[in-house]
Amino acid sequence: MKTIAEIFTSLLVPMNGWETVRSASCFPEQCFCEAVHEGFIRQPANTYSSLSFCLIALILYFSKPKSAAKEISFFHHKGFLRMYCLSLIWIGLGSMYYHASLSWLGQFLDVTGMNLYAVFLLVFHLYQKYKFSPIRFYSYYLLLNLFAAALIWIFPETRRYLFAIILLFSLLPLFANKVKNNFQTKWIFLALSVQSIALILWYLDLKKIICYQDSILQGHAIWHLFGALASYFVYRYYISEKIISHQSLN
């Protein structure tokens, strides 16, 4: 029986196999540690671990705030939770397709999903600080993502630097706004800690400093799992901000 990943990739795989499509810029020697296999799934551990983002997205989306609460967070207002979950699903599916195919299109979809997430953090933190209109929020979000997608389409070698820059700038409004008493700050520090460990593992795997090509336990796969866990901690941080009354939403 085919797995979800195999069904998904089999719908997109060319008739003559992945060898007939444009390869990712990392191919063949720089696509992380895991060995490249034949068939639909070229890097199994890295492919299946990508689904952790989709799992977290589904858990978050169907986690409803308690109806008895007198206040809810900004995050449950104006569709922010929906956008957050969609970005996680894009990351999961894009990363899965990338590691299954090691194709240029897969690489583009993978990084685009990461940018969707990072841009959301940036614009949402600016929204929290400056309280601009939801229309401006969506406009900034769309324009920044279109710019990022165009840049990595034309200059794919900039993809990792661009993501790092966006993610770094997304943290500045958060800390410039300073920690408030209506946040449970332990969640953001947990997210940063887990993501930092994940980044170290990502680097060690990319440079093959710690590398066992045929092992089911891959550093890049752990990067996926820890990244998904960090996204859950970020969510918990956001919903700990109890500042919008139910009456103000009606």
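Each reported figure results from applying straightforward, stated rules to the coordinates on display, with no laboratory input. Here the structure is a predicted model, which is why all the values come from computation and not from measurement. Here the Cβ positions follow ideal geometry from the backbone for every residue, glycine too, while neighbour counts run over all protein chains shown.
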*Whichever aspartates and glutamates have a C-alpha closer than 12 Å to that of residue 131, once near sequence neighbours (fewer than 8 apart) are set aside*: none
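How large is the Kirkwood hydrodynamic radius of region 37-243, in angstrom, based on all distinct alpha carbon pairs?
Values: mean 1/r = 0.0562 Å⁻¹.
Result for region 37-243, one decimal place: 17.8 Å.
Can you tell me the relative contact order of region 37-243? Whole percent, Cα pairs under 8 Å, sequence separation 6 or more. Before the final figure, lay out the partial values.
Values: 265 pairs, mean separation 59.4, N = 207.
Once normalised by length, the contact order is 29 percent.
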*Given 101, 227, 130, which one lies farthest toward the positive end of the charge dipole of region 37-243, if we put +1 on the Cβ of every Lys and Arg and -1 on the Cβ of every Asp and Glu?*
130
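Could you tell me the calculated FRET efficiency between residue 209 and residue 153, based on Cβ-Cβ distance and R0 = 41 angstrom, to the nearest 0.05? Please report the intermediate quantities before stating the final value.
Numbers: r = 31 Å, r/R0 = 0.75.
Here the calculated transfer efficiency is 0.85.
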_Under a Cβ-only charge scheme (Lys and Arg +1, Asp and Glu -1), can you give me the dipole magnitude of region 37-243 about the Cα centre, in debye to the nearest 20?_
940 debye
